[in-house]
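Note sheet for the following structure.
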Amino acid sequence: MTIDFSRRLQAGVDEIFPDAPLQKCVFHAIQLLTRGLLKELSRIKKLHLTTHIAEWNALRKDSLHAEKKGTFLVNAPFSFSDVEHSRQILHALKKCISRPKPEHVKKALLRLFASPLFTAWKGHQAFLANYQAFFHAQKLKFTKKGVHYIRAFLYKQFRSVIRSLRKAVEEKKVHFNRAKYLLLMNPVNMSSWHHRQLRACLKEFPWLRPYRRTVVKFYYQFRLPPEKRASLRFLLGLLKPGMHPWLKSAILTLLNNEENVFRFQHFHELFPRRTFSPSIKVVNESSNKLMNILYQTQCGMRTLENIRMRISHRLGCPVIVSPALLEKLQ
């Protein structure tokens, strides 16, 4: 009997066919792990990239509020070091342009631009280049009127720099979206183009390599003979604190059903006179599609006799209703 990982379906099979060898669908086993990995990769993307972008946006709003109101919205430090560094630059700029005299503003800015805090900032080169070009084009001087325009320019230029830094993270997020689907591909189905793209993605995200090695090893277990196949306990290497519960559940389900997932490899030992069929390894999805069509219409299926008759006629085979299901219906 070949079924998916539905507990209710297995309960019915155990009740009606208690002695039948049970095969868990290989397609559903692979789907179970890949869906769990997709959830885990989405969690990682949100943790490291989406949250990173959100912090850049929060810093931009903070600079706008500081320019208009003179106060900051964000008081706590940011979790990402580059965003926190930029926040410190913003605070230092505000202190410089808040000096009472124009000549004090000039000296404070020159000290800031020469400080290790500013030179270690990722956007310091672009900021200084635009700062110098602005003075050259506008021919401004540090007077009371000139400081007004310089103040507005500094805030605007700061937001321009952090926007470029945020766009770099957004581009990395796009690359990650492409990487996660390449990461889960079956190596048998990959072309040379897929391999090149995957190598580029793993070079950009080297911490994804253990996931890829695990996925490749998992796929190859279904192609190896029983004597060479490894236990699925290597999947436990993916278990980490804070991981997505879907992935944890998928790994534990596969470990609990490992014998039934690979039972197709022993088919000739169990039935030496029978010819192996793909439907022994994988559930026939066409039957499921027909059942879904019947479920959606439900025309004339108000009694158990009509249900049995219509399903049996549609599938072209006898239908057995579990006694446990009969008790629920009654």
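No value in this document is a laboratory result; all are computed from the given coordinates. Since the model is a prediction, treat every value here as computed from it, not as a measurement. Note: ideal-geometry Cβ built from the backbone for every residue, glycine included; neighbour counts use all protein chains shown.
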Query raised in the report: Pairing the Cα long axis of helix 304-315 with the longest principal axis of the chain, what angle in degrees results, from 0 to 90 and rounded to the nearest 10?
Result: 80
Query raised in the report: To the nearest µm²/s, what D does Stokes-Einstein give for region 77-178 at 25 °C and 0.890 mPa s, using the Kirkwood radius over alpha carbon pairs as Rh?
Result: 167
Query raised in the report: For the cross-link pairs Lys101/Lys122; Lys24/Lys180; Lys94/Lys203; Lys24/Lys173; Lys173/Lys240; Lys94/Lys167, which exceed 32 Å when the distance is taken from alpha carbon to alpha carbon?
Result: Lys94/Lys203; Lys24/Lys173
Query raised in the report: Which semi-axes, in whole Å and largest first, does the equivalent ellipsoid of region 4-162 have when worked out from the alpha carbon gyration tensor as the square roots of 5 times its eigenvalues?
Result: 60, 14, 12
Report task. Take every Cα-Cα pair in region 86-144 and report what % of them are more than 20 Å apart. Result -> 25
Query raised in the report: How much length is gained if the chain between Leu9 and Ser42 is pulled fully straight, taking 0.36 nm per residue apart and subtracting their Cα-Cα distance, in nm to one decimal?
Result: 8.9 nm
Requested in this report: Taking the Cβ of each residue in Lys69, Lys141, Lys248 as the centre, tally the other Cβ atoms inside 10 Å and list the residues starting with the fewest.
Outcome: Lys69, Lys141, Lys248
Report task. Taking the chain as the reference, fit the longest principal axis to its C-alpha atoms, fit the long axis of helix 144-183 to the helix C-alpha atoms, and give the angle between the two in degrees, 0 to 90, nearest 10. Result -> 20
Query - Helical contribution to [θ] at 222 nm, DSSP H n ≥ 4, -39,500 (n - 2.57), averaged over the chain, rounded to 500 - result: -21000 deg cm²/dmol
**Report entry** Residue (of Val74, Gly36, Cys25) at the positive-pole extreme of region 11-138, dipole from beta-carbon charges
**Finding:** Val74
Query raised in the report: For the chain, what log10 I(q)/I(0) values come out of the Debye formula at q = 0.07, 0.14, 0.15 1/Å, with one point per alpha carbon and no solvent?
Result: -0.54, -1.13, -1.22
Requested in this report: Quick one: which residues, 5+ away or cross-chain, put their amide H under 5 Å from the amide H of Thr2? H built at 1.01 Å from N.
Outcome: Gln23
Query raised in the report: Counting only the backbone N, which residues of region 174-215 are under 19 Å from the spot 7 Å out from the Cα of Ala230 toward its beta-carbon?
Result: 183-188, 207-215
Query - Debye intensity ratio I(q)/I(0), log10, region 224-330, q values 0.15, 0.18 Å⁻¹ (C-alpha model) - result: -0.95, -1.02
Query raised in the report: Viscosity 1.306 mPa s, temperature 10 °C: Stokes-Einstein D of region 285-329 from its Kirkwood Cα radius, in µm² per second?
Result: 143
